[in-house]
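Beneath this line is the structure, given in structure tokens, with notes to follow.
The values are calculated or read from the model by the stated rules, or taken from the named source; none is laboratory data. All values derive from a computational prediction rather than experimental measurement. So basically every Cβ, Gly included, is an ideal-geometry build from the backbone, and we count neighbours across all protein chains shown.
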Amino acid sequence: MGSIYLIRHGQASFGADDYDVLSPNGVRQAQVLGQHLAQMGLSFDRCLSGDLRRQQHTANEAREQMLAADLPTPALEIDSAFNEFDADAIIRALLPDLLSQEPNALETLRNAAQNRAEFQRIFALIIERWLAGTYDPPGLESWLGFVERVQGGLQRILEQADNRDKIAVFTSGGTITALLHLITRMPARQAFELNWQIVNTSLNQLKFRGREVALASFNGHAHLQLLKAPELITFR
């Protein structure tokens, strides 16, 4: 059987003006991941990422470590199907209707880095509304549209793959969540409960034969745990 490794990007710049940049910690996570893959002797037949900078930067930092270990490492291919959903657009679209219930939500979101737990609570409420699909304005990518986009990316991989291929996809937590939803058929809301637990640079393995795909492992981050450095285990 073939394998697809879904790899979440390293820690991004949460609370900064531009989230789509790896933090110094995120760069370190990606390097540790690459070293771990090299130590395992795990070489890929293809490496893909979405077109977000944090995804590509993670891929390239990991690939550099693998190349330094003389491990065969293919060039990085870009497929925007593996981009994260647009959290900022979802917040802008769905927050106004939430303010009657959560009058302090706007202040919380503006100061997310100082109110991480409260930010997560408000963001989860907004995501629940997005999953329901009843609040979506025209022009916003719906949950169903997002799942369809991600599914298209997976199908393109399977169409081009040999049953013995090992393929890396450097992506994001929401994209991994959508694939869990598709492959395991778990309800979207339940899948998002897992989403909040996905560690930066974790490995999630799918096994495939033809068009048949199964989940083999979820949220593996032994490469971080073994270093006994708690600051490397992050969720954004």
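Answer yes or no as to whether Ala229 is touching a residue at least 12 places away in the same chain (Cβ under 8 Å), closer than 26 Å to Ser23 by Cα and of a type in the set (Gly, Ala, Ser). So Ala229 fails the test. For segment 159-198, filtered to residues that are of a type in the set (S, T, N, Q), free of Cβ contacts under 8 Å to residues at least 40 places away in the same chain and under 18 Å from Ser142 (Cβ atoms), the residue that is surrounded by the fewest Cβ atoms within 10 Å (Cβ to Cβ) is Asn195. Based on what the data block shows, is Phe208 closer than 18 Å to Cys47 by Cβ, over 18 Å from the mean Cα position of the chain (by Cα) and of a type in the set (A, V, I, L, M, F, W, C)? In short, yes. Evaluated against (1) part of a helix (DSSP H, G or I); (2) touching a residue at least 24 places away in the same chain (Cβ under 8 Å); (3) assigned by TED's automatic domain parsing to the domain that holds Gly173, Leu67 falls short on exactly one condition, (2). Among the conditions (1) at pLDDT below 95; (2) within 16 Å of the chain's Cα centre (by Cα), Val147 misses just one, which is (1). Looking at segment 43-96, which of its residues are of a type in the set (Ser, Thr, Tyr), touching a Leu at 6+ places or on another chain (Cβ under 8 Å) and surrounded by fewer than 19 Cβ atoms within 10 Å (Cβ to Cβ)? The answer is Ser43, and nothing else.
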